[in-house]
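Everything below concerns the one structure shown next.
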Amino acid sequence: MGIKLPWRSPRRRHRRAPAVWYQYYATVHATACEVCLRHHGEIYARREDAPPLPLHPDCRCSLLEFPAEELSYYEEHGRRMRERAQQELRRRALFRRAREALAQDALSEALDLFRESVQIDVYEEEIEALCREERAALRRSPEAARRLRDLFLRAYRWKFDLDKYRHMPEGMRAARRRHGLETIRACFAPFVVEEA
Ligand SMILES: [Zn+2]
């Protein structure tokens, strides 16, 4: 399989397989800290093997207990969880680099990086922070501001079609989509001059 699970290490070998196991759940979101994301999906044979929760103030992580018979299901699930956490870390790095490029007026580089980041996901909180903190750069280039706003609006329109939001009821997805689109328009309004 090639996946190295923590419980396979000799240090943690047990004489008898435990009846219940534990899986680490972080909230994969723009506000989740990197440390928590790195544990997302990990499996432990004993509660003591897991990091002590909460890891920090406002930590939203939890341990899910599951029966030994379901280990292979949770291993498979854990693999997808780790992939998702890795993707979020990659998305953040892209978004951060995009902001740096924007601040330095490297506009086409910034747009490329933002485009790559929204292919993974897009968060309205980050867009609000961007419009607040990179105000000067956005003022300098209304054209870049307009293209950026349109990129975020487009991304936000299909955000809730992503697999990870499938569990959300349709009404809630529609409401959150509407809210996000309004927020993005409002954030960019001071920088974008609409054509008459
Ligand atoms: Zn954390």
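If you check Arg135, Arg97, Arg46, Arg84, which single one turns out to be among the charged types (D, E, K, R) and under 24 Å from Phe160 (Cα atoms)? Among Arg135, Arg97, Arg46, Arg84, only Arg84 is among the charged types (D, E, K, R) and under 24 Å from Phe160 (Cα atoms). When you check Arg146 against the structure, is it over 16 Å from the mean Cα position of the chain (by Cα), in contact (Cβ under 8 Å) with a residue 40 or more places away in the chain, in a helix (DSSP H, G or I) and loosely packed, with under 14 Cβ neighbours inside 10 Å, yes or no? No; evaluated as a whole, the condition is false for this residue.
Kindly indicate the residue of segment 34-49 that is touching a helix residue (DSSP H, G or I) at 6+ places or on another chain (Cβ under 8 Å) and in a helix (DSSP H, G or I) and also surrounded by the fewest Cβ atoms within 10 Å (Cβ to Cβ) among those meeting that condition. Across segment 34-49, the extreme among qualifying residues is Glu34.
Applying the criterion of being more than 16 Å from the ligand (Cβ to nearest atom) and of a type in the set (A, V, I, L, M) to the residues of segment 59-94, the residue that is farthest from Leu37 (Cα to Cα) is Ala68. If you filter segment 130-143 down to residues that are assigned to a helix (DSSP H, G or I) and of a type in the set (D, E, K, R), you find that the one that is most open to solvent (accessible area, probe 1.4 Å) is Arg139.
Can you name every residue in segment 18-58 that is within 16 Å of the ligand (Cβ to nearest atom) and of a type in the set (S, T, N, Q)? Correct list: Thr27, Thr31. Among all residues of segment 151-171, there is none that is in contact (Cβ under 8 Å) with a residue 60 or more places away in the chain, surrounded by 12 or more Cβ atoms within 10 Å (Cβ to Cβ) and closer than 16 Å to Asp105 by Cα.
A quick yes/no check of all residues on (1) free of Cβ contacts under 8 Å to residues at least 40 places away in the same chain; (2) open to solvent by 80 Å² or more (accessible area, probe 1.4 Å):
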| position | (1), (2) |
| --- | --- |
| Leu55 | yes, no |
| Asp58 | yes, yes |
| Cys61 | yes, no |
| Leu71 | no, no |
| His77 | no, no |
| Met81 | no, no |
| Ala85 | no, no |
| Leu89 | no, no |
| Arg92 | no, no |
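Could you tell me which numbered condition Asp105 fails, if it satisfies all but one of (1) farther than 19 Å from Ile43 by Cβ; (2) over 21 Å from the mean Cα position of the chain (by Cα); (3) of a type in the set (D, E, K, R); (4) part of a helix (DSSP H, G or I)? Evaluating Asp105 over (1) farther than 19 Å from Ile43 by Cβ; (2) over 21 Å from the mean Cα position of the chain (by Cα); (3) of a type in the set (D, E, K, R); (4) part of a helix (DSSP H, G or I) leaves (4) as the failure.
The values are calculated or read from the model by the stated rules, or taken from the named source; none is laboratory data. Values in this document were obtained by computation on a predicted structure and should not be read as measured data. Using ideal geometry, Cβ is built from the backbone for each residue, glycine included, and neighbour counts are taken over all protein chains shown. We work out accessible area using only protein heavy atoms, side chains counted, and drop any ligands, DNA or RNA first. Shrake-Rupley method; radii C 1.70, N 1.55, O 1.52, S 1.80 Å.
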